[in-house]
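Shown next, in structure tokens, is the structure this report addresses.
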Amino acid sequence: MGTGGANPATGGTPGRAGNTGAAGVSGGASSEGGIGAGGVSTSGGVTTEGGAADSGGVTESGGKTGTGGATGSSGGVKTSGGATTSGGVTGSAGAGGKSAGGTAAGGTAPTGGSKPAGGTTSVGGTPGTGNTGSAPSGTPVSVHGQLKVVGNQIVDQNGKVIALHGMSMYAWNTQGTQFYNASAVGHLAKDLDCAILRIPILPNSLSTQTPLLQAVVDACIANGIYAIIDWHSGAGADASAASTFFASMATAYGNTPNVMYEIWNEPSGVTWPTIKTYHETVVAKIRAIDPDNIILLGTPNWDQQPNLAAADPVTTSTNLAYTFHFYAYTHHFTSFGPNVTKALAAGIAIFVTEYGGCASTGNGTFDATELQTWWDFLDTNNIGCTNWSVETNGETSAIFKTTASKTGPWTTADITDPDGTTVLNYIQSKYAATVAP
């Protein structure tokens, strides 16, 4: 991601026998001693591409956040029967109170977002040795379990193609990290129908952010949703530091079907061969501990050229998918869509771990029309996506207004418009199909 408070230009989950209980927050998490702050230093031998310009002429160096959204109803009212709350009662929490039957109980806190689902760890979860707790009934993980990559698609434990929809958290400042708590995750999962959350961690902030990240992962497990652990290193990435970190995450969560690993967010200024070598190094460390959870691989030019990766994919492991990022106002489908089409045609699976409806800076015009074009394409090709982002910093890309509670529940008055209402409406419209048997 970018420097400062924004995401770098556009650039990017599994049921083992039995689900997992939430892995303990301690135990497995790498501390600053093992990773070292400053893990963003470029690994030796990185060669530049001469500026790695985007195929559409967009360069977007650092400073992009973005989240997008195209179509939403004011207040984020749940659409197309995607509600899952028990009894359909909605609550003040959800960008709009989800109403599975149209009954939004005004401002009452939704049954789904209450803290129990967010914070408690499932019983039987011993980090690194295999968690034995099961996902709550009717949740995405209870339905789909262990995910894997087959050809250019992600499928569930029954071989059914699955596209997950949710949000990306925000690690650049307290306006985002304030939501790294169990209560907020419970409301994101149950009120806003996020089937998956992407959880960025900054390599130079491991000592402070690792406990926060693990709190979110544990809450995802407790709520039966998927989690992407995102090494948010940006332009440079240190393979040694990343390997140490992901080994600790694999030890803590490798026996849960909930987790995916995104091992390099938005590589830029480096060639695919260099990126590929990095991936092979980190993948090997993860696979020595976790043989089958999906690993998401960053692609050149801020995760915008998966076609280059597809021409020479990583072959040292299975269950690998590749990332793609876009911001609708900056990256029009006609210019960047072909990169994804070529990658799919070459046989690799794609997951859009970051996107927005605004510009790649995280601000500017919200382009609902272009975002809908992208969504239509993703839907047609069964590609999952997580929107940037869960934050209150006043950017176009933020789904929450600056006054929103850090723990939830939230009312429609807490949701930004058009971005928040549009994006959350899209996510909620997908949920009913996601939890259908």
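The values are calculated or read from the model by the stated rules, or taken from the named source; none is laboratory data. These numbers come from a predicted model, not from an experiment. Note: ideal-geometry Cβ built from the backbone for every residue, glycine included; neighbour counts use all protein chains shown.
General remarks:
- Among (1) modelled with pLDDT under 95; (2) part of a loop (DSSP other than H, G, I, E, B); (3) within 19 Å of residue 186 (Cα to Cα); (4) of a type outside the set (Ser, Thr, Tyr), the one test that residue 138 misses: (1)
- Only listed residue being at pLDDT 95 or above, surrounded by 24 or more Cβ atoms within 10 Å (Cβ to Cβ) and under 24 Å from residue 401 (Cβ atoms), chosen from 180, 253: 180
Per-residue answers, yes or no, for (1) farther than 23 Å from residue 427 by Cα; (2) among the β-branched types (Val, Ile, Thr); (3) part of a helix (DSSP H, G or I):
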position: 273; (1), (2), (3): yes, no, yes
position: 283; (1), (2), (3): yes, yes, yes
position: 291; (1), (2), (3): yes, no, no
position: 318; (1), (2), (3): yes, yes, no
position: 322; (1), (2), (3): no, no, no
position: 331; (1), (2), (3): no, no, no
position: 338; (1), (2), (3): yes, no, yes
position: 360; (1), (2), (3): no, no, no
position: 372; (1), (2), (3): no, no, yes
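- One residue alone among 185, 155, 217 is surrounded by fewer than 24 Cβ atoms within 10 Å (Cβ to Cβ), at pLDDT 95 or above and of a type outside the set (Asp, Glu), and that residue is 155.
- Boolean, residue 367 is modelled with pLDDT of 95 or more and at negative phi: yes
- Put simply, of 120, 174 the only residue that is over 18 Å from the mean Cα position of the chain (by Cα), modelled with pLDDT under 95 and not acidic (Asp, Glu) is 120.
- Of the criteria (1) farther than 30 Å from residue 183 by Cα; (2) surrounded by 24 or more Cβ atoms within 10 Å (Cβ to Cβ), which one residue 370 fails: (2)
Listed here are the residues, each with its yes/no results for (1) out of contact with any Gly (no Cβ under 8 Å at 6 or more places or on another chain); (2) part of a strand (DSSP E or B).
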position	(1), (2)
163	no, no
167	yes, yes
171	yes, no
185	no, no
188	no, no
193	no, no
200	yes, yes
207	yes, no
213	yes, no
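- Of all the residues in the stretch 400-430, those that are in a loop (DSSP other than H, G, I, E, B), surrounded by 24 or more Cβ atoms within 10 Å (Cβ to Cβ) and in contact with an Asp or Glu (Cβ under 8 Å, 6 or more places away or on another chain) number 4.
- Selected residue [more than 22 Å from residue 268 (Cα to Cα), aliphatic (A, V, I, L, M) and within 20 Å of the chain's Cα centre (by Cα)] from 383, 350: 383
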